[in-house]
1. Looking only at region 6-43, which residues are charged (D, E, K, R) and either surrounded by fewer than 10 Cβ atoms within 10 Å (Cβ to Cβ) or modelled with pLDDT under 50 (or both)?
2. Restricting to region 91-123, and then to whatever is more than 24 Å from residue 143 (Cα to Cα) and small (Gly, Ala, Ser), can you tell me which residue is surrounded by the fewest Cβ atoms within 10 Å (Cβ to Cβ)?
3. Could you say whether any residue in region 92-102 is under 14 Å from residue 28 (Cα atoms), modelled with pLDDT under 95 and not small (Gly, Ala, Ser)?
4. Among all residue pairs at least 6 apart or on different chains, which show Cβ distances below 8 Å where the first residue, located in region 76-90, is at positive phi and the second is in a loop (DSSP other than H, G, I, E, B)?
5. Any idea how many residues of region 44-57 are at pLDDT 95 or above and open to solvent by less than 50 Å² (accessible area, probe 1.4 Å)?
6. Just to verify a result, which residue in region 76-90, among those that are more than 15 Å from residue 56 (Cα to Cα) and of a type outside the set (S, T, N, Q), is least open to solvent (accessible area, probe 1.4 Å)?
7. For region 125-143, give me each residue that is in contact (Cβ under 8 Å) with a residue 60 or more places away in the chain and either closer than 20 Å to residue 64 by Cβ or among the hydrophobic types (A, V, I, L, M, F, W, C) (or both).
8. Identify, from the list 172, 134, the residue that is open to solvent by 20 Å² or more (accessible area, probe 1.4 Å), closer than 25 Å to residue 35 by Cα and touching an Asp or Glu at 6+ places or on another chain (Cβ under 8 Å).
Amino acid sequence: MRITVLSLLLLVLPGCQTLRLAPAPEAPPLVPPQKAMASLQLNQRLTIRTPDGETRRMLAITTLAPDRMQLNGLSVTGQRLLEIRWDGKSLDTWQAPGLEKTLPAEWLLAQIQLAYLPEPVLRKYYHGNWSLQTDTGKRHLLLEGESNITVTCRAPLSGGRSVGRNCLVPGTSVLIDHHRSGLFIRVDTLKVVEQVLNRDASGHSSATGPLTAERPERSRP
């Protein structure tokens, strides 16, 4: 009996080890925060359609700043769902149980970057198997030459211009199609606030952001 059990274990364990060592799907490289950009806070509404057809809704505060990118998500009833913070060196995340399978933090942040960061910045960091293609109002992130993610920007009065800076105005909708997984995300921007940056000892402040085509609403004291 002992020999039989041992034999079964020897047969089962290699299979388990193979499953555990299977590589996870490759994620796009995360772009570090850009020191030249303005510090913006976007109040947004996310509508998420999962591959199995389930629809989830979330309120989000997205922060694009010279020192970090941050995404805080809440349910429509105010329950905390996720917190993602990226400073260019470390990615700190917290997600409600089960949500990490639907919205992996690294993937979600990469898609937000694809929508909002300037095209030259993205091209600098997409290399190797990853490449970027653009056309009117769209960005396509390709993996080994095949379209992996498509971002479409529907900005008010955009005049058919490119994605990125034109998406950072209130009333804009960003549509994110993740072709391989079947995930679809719609991001509606409700409010954009440009936060005042602190000046250093010499009186200089960070440069104004290259992202905004129209001047966003400033925060008021």
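The values are calculated or read from the model by the stated rules, or taken from the named source; none is laboratory data. Keep in mind that what you see is a predicted model, and the values were worked out from it rather than measured. Cβ placement follows ideal geometry from the backbone for every residue including glycine, while neighbour counts extend to all protein chains displayed. These accessible areas exclude ligands, DNA and RNA; they are computed on the full protein's heavy atoms, side chains included. Shrake-Rupley method; radii C 1.70, N 1.55, O 1.52, S 1.80 Å.
1. Hit for region 6-43 is 20, nothing else.
2. If we take residues in region 91-123 being more than 24 Å from residue 143 (Cα to Cα) and small (Gly, Ala, Ser), then 98 is surrounded by the fewest Cβ atoms within 10 Å (Cβ to Cβ).
3. Scanning region 92-102 turns up no residue that is under 14 Å from residue 28 (Cα atoms), modelled with pLDDT under 95 and not small (Gly, Ala, Ser).
4. 88/32; 88/33
5. 3
6. Looking at residues that are more than 15 Å from residue 56 (Cα to Cα) and of a type outside the set (S, T, N, Q), I get 84.
7. Of everything in region 125-143, those that are in contact (Cβ under 8 Å) with a residue 60 or more places away in the chain and either closer than 20 Å to residue 64 by Cβ or among the hydrophobic types (A, V, I, L, M, F, W, C) (or both) turn out to be 125, 126, 130, 141, 143.
8. 134
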